[in-house]
Amino acid sequence: MKNRTRLASIMHLYKDQYEEYEKRHNELWPEMEETLKTHGVHHYSIFLEEESGQLFAYLEVDDVKDWNKVSETDICKKWWEYMEPLMETNPDNSPISKQLKSVFYLE
């Protein structure tokens with residue numbers, strides 16, 4: 001099996017949107033899921049810290065270059081537009097996201 005790159009980031013969800021955010025992810029569009037998988041995404045998880053609204057996202061990717069191409073797809077841009085009312089976003093509707101540095105891993 002090819003070594004995957006582990007990525008993590010944090011984002012911020014508006015406190016009155018917790019349920020809607022979870023609902024929309026539980027009903028993830030098949031096209032969005034397929035796009036993630038065809039771009040080599042595995043084990044994508046998002047966790048919510050309810051007190052602050054902070055989201056922690058973790059995923060594994062086959063190739064970071066392929067992962068970065070997801071943001072260029074029409075379906076991703078449509079998803080960002082759909083999610084924009086729920087969270088802090090950039091002018092292009094992408095989530096404001098801070099990448100985290102890996103400092104420990106135990107397999």
Matching residues in the stretch 57-80 - criterion: being out of contact with any Phe, Trp or Tyr (no Cβ under 7 Å at 6 or more places or on another chain) and not in a helix (DSSP H, G or I) = A57, Y58, E60, D62, D63, T73
For the stretch 43-69, what are the residues that are surrounded by 15 or more Cβ atoms within 10 Å (Cβ to Cβ), over 18 Å from N26 (Cβ atoms) and among the β-branched types (V, I, T)?
-> V61
Would you confirm whether any residue within the stretch 71-93 is within 19 Å of L7 (Cβ to Cβ), in contact (Cβ under 8 Å) with a residue 40 or more places away in the chain, aliphatic (A, V, I, L, M) and surrounded by fewer than 14 Cβ atoms within 10 Å (Cβ to Cβ)?
-> no
Within the stretch 1-17, track down each residue that is under 15 Å from the mean Cα position of the chain (by Cα) and over 22 Å from H42 (Cβ atoms).
-> H12, L13
For S102, all conditions in the list (1) farther than 20 Å from T35 by Cα; (2) polar (S, T, N, Q); (3) surrounded by 13 or more Cβ atoms within 10 Å (Cβ to Cβ); (4) in contact (Cβ under 8 Å) with a residue 12 or more places away in the chain hold save one; what is the number of the exception?
-> (3)
Are any residues in the stretch 36-56 in a strand (DSSP E or B) and closer than 22 Å to T5 by Cα, and if so, which ones?
-> V41, H42, H43, Y44, S45, I46, F47, L55, F56
The correct count of residues that are over 17 Å from S9 (Cα atoms) and touching a strand residue (DSSP E or B) at 6+ places or on another chain (Cβ under 6 Å) in the stretch 35-70 is 1
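Every number here is computed from the coordinates shown, using simple stated rules; none is lab data. Because the structure is predicted, anything quoted here is derived from the model rather than measured. Virtual Cβ from ideal backbone geometry, glycine too; neighbours counted across all protein chains shown.
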